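The structure appears below as structure tokens.
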Amino acid sequence: QRCVVLRFLKSPPNQNKTSEEILHHLQNIVDFGKHVMKQFFGENYVHHGEIIQLPLDFVRQLCLKIQPERPESRCDKDMDTQSGYAMCLPNLTRLQTYRFVEPRPILCIEIKPKCGFLPFSSHVSQEIKHKVCRYCMHQHLKVANGKWKRPSKYCPLDLFSGNKQRMHFALKSLLQEAQNNLKIFKNGELIYGCKDDQDCVSDWNELARHLKPFFFPSNGLVSGPHCTRTIVKELIHVITMTLLSSTDACRAGDMKTVPISQGRSYCEASAFNKELVRNGKHKLESSGLPRGCLLYKTLQAQMLDMLDIEGLYPLYSRVEQYLEEFPEERSTLQIDGPYNEAFYEKLLDLSTDDDGTVAFALTKVQQYRIAMTAKDCSIMIALSPCLQDECSEQRPVVLTSKSRFTFSVSVLDLDLKPYESIPHQYKLDGKIVNYYLKNVQAKDDPVISSLFKENEDCTLVLHKV
């Protein structure tokens, strides 16, 4: 009856952790959400949950019941059925302003926005990284590896631009090629988005059928392609408005992070940008995000990656070397927690002048882990239709042409990225960039050079006037 979700730890079959280790791990996740991510995103957006203990018999029955529902790609790990510990969290596909399941219909859109800026670090060795974003480059490698059938036209820099035209384009691209980055739920049930890696044919007509009662309740809209387009347009408008809304204040909103103007605000590979260039326009408008909105806060946290993985990797090696000599220092350095106020305070040192110390290196490593977490988080937007008189309460409301919604915006997937994953990130970065340079940019260049060749034959004739 209560709107809650149970979250269990999963681990590879041969890795048996003790109940104490599992409890400690879960406590770390809760503390990290409570003391660190809440400061970055704000009280209303982060739901850290609590740890509860359940009867083992119930946990085992639950495990058997959900096993057939799990995607094949996830079955390499087993759910913990030994400790009985789990995290109890609010169900974010529901409105967060209510404690219990409501009778009214609820729509929820989950978006994984990914990294919204281009690296501005001087440590970047390949110029292409200053021009094309990581997401757009990675798309090509993923298609080559068979993870997806087609590259998506979505570019995170368009979504984070704050420019409504660019944001609409980004969201439309996400709806066309949802991949792992967009899901839509109706009353908690997944109605749109990828269930597995490969099969992802977007059926907008089916989606429009689900959404019609939300956006056009009086049924005055005819069916057909025009109707589908209109409904999708309304959906995109609502998502944009909620993403730009501000419903919370937090400490990190006042953080002096790196000004976004340091890097360019658009990605050369973005389909939106290419369209502009094709039409002879080179100026990409970036309206900037309102300071209080969740996208702004997400971007601020992402930009704690000030050195890029190329600048960070030598610092990680410095910490590693120190730990080899003094392994007992690992807990003092708080690499595996505890994630408390003191841990958060250290993250606020934004200097980039390396003084050669382990302390400096460690601060940058921890900031990078936070940035990686923010680059991989999900934003949940829950919408519920409300009548004119209901909306007088102190609740945020968004309007469409025929209806109005109360909404709540939350952020999830905020587990701190593991310290041990940094070498993998370094290798992956090199792989993504090299593949893009070799297979995508190299193919694009001859087109440009042949355009110049055609123009060389032109003769300019001057007539006396």
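The values are calculated or read from the model by the stated rules, or taken from the named source; none is laboratory data. Nothing here was measured: the structure is a model prediction, and the numbers come from that model. Using ideal geometry, Cβ is built from the backbone for each residue, glycine included, and neighbour counts are taken over all protein chains shown. Ligands, DNA and RNA are stripped out before the accessible areas are found, and what is left, the full protein with its side chains, is counted by its heavy atoms. Shrake-Rupley method; radii C 1.70, N 1.55, O 1.52, S 1.80 Å.
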Counting only residues in region 344-377 that are crowded, with 18+ Cβ neighbours inside 10 Å and among the hydroxyl-bearing types (Ser, Thr, Tyr), the one nearest to Phe40 (Cα to Cα) is identified as Tyr344
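Quick grid of which residues meet (1) within 30 Å of Ile128 (Cβ to Cβ); (2) in contact with a His (Cβ under 9 Å, 6 or more places away or on another chain); (3) modelled with pLDDT under 95:
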{"residue": "Leu276", "(1), (2), (3)": "yes, yes, yes"}
{"residue": "Glu310", "(1), (2), (3)": "yes, yes, no"}
{"residue": "Pro314", "(1), (2), (3)": "yes, yes, no"}
{"residue": "Arg318", "(1), (2), (3)": "yes, no, no"}
{"residue": "Arg330", "(1), (2), (3)": "no, no, yes"}
{"residue": "Ile335", "(1), (2), (3)": "no, no, yes"}
{"residue": "Glu345", "(1), (2), (3)": "no, no, yes"}
{"residue": "Leu348", "(1), (2), (3)": "no, no, yes"}
{"residue": "Asp355", "(1), (2), (3)": "no, no, yes"}
If you scan region 153-184, which residues turn out to be closer than 30 Å to Pro68 by Cβ, open to solvent by less than 30 Å² (accessible area, probe 1.4 Å) and modelled with pLDDT of 90 or more?
Leu174, Leu175, Asn181, Leu182, Ile184
Can you name every residue in region 287-334 that is in a loop (DSSP other than H, G, I, E, B) and buried (at least 19 other Cβ atoms within 10 Å of the Cβ)?
Leu289, Cys293, Met303, Leu304, Asp305, Met306, Leu307
Looking at (1) in contact with a Gly (Cβ under 7 Å, 6 or more places away or on another chain); (2) without any contact (Cβ under 8 Å) to a residue 12 or more places away in the chain; (3) not aromatic (Phe, Trp, Tyr), which is the only condition Leu414 fails?
(2)
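Listed here are the residues, each with its yes/no results for (1) at pLDDT 90 or above; (2) within 24 Å of Pro90 (Cβ to Cβ); (3) within 26 Å of the chain's Cα centre (by Cα).
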| position | (1), (2), (3) |
| --- | --- |
| Lys195 | no, yes, yes |
| Gln198 | no, no, yes |
| Val201 | no, no, yes |
| Asn205 | no, no, no |
| Asn219 | no, no, no |
| Cys227 | no, no, no |
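Within region 329-338, can one find any residue that is of a type in the set (Val, Ile, Thr) and in contact with a Gly (Cβ under 9 Å, 6 or more places away or on another chain)?
The first filter runs over region 329-338 and keeps only residues of a type in the set (Val, Ile, Thr), leaving 332, 335.
Within this subset, residues satisfying the condition of being in contact with a Gly (Cβ under 9 Å, 6 or more places away or on another chain) are none.
Scanning region 329-338 turns up no residue that is of a type in the set (Val, Ile, Thr) and in contact with a Gly (Cβ under 9 Å, 6 or more places away or on another chain).
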Just give me the residues in region 346-370 being of a type in the set (Asp, Glu) and under 22 Å from Pro327 (Cα atoms), in sequence order.
none
Please identify the pairs in which a residue from region 374-392 that is in a strand (DSSP E or B) has its Cβ atom under 8 Å from the Cβ atom of a residue that is at pLDDT 95 or above and basic (Lys, Arg), counting only partners at least 6 apart or on another chain.
Ser378/Lys112; Ile379/Lys112
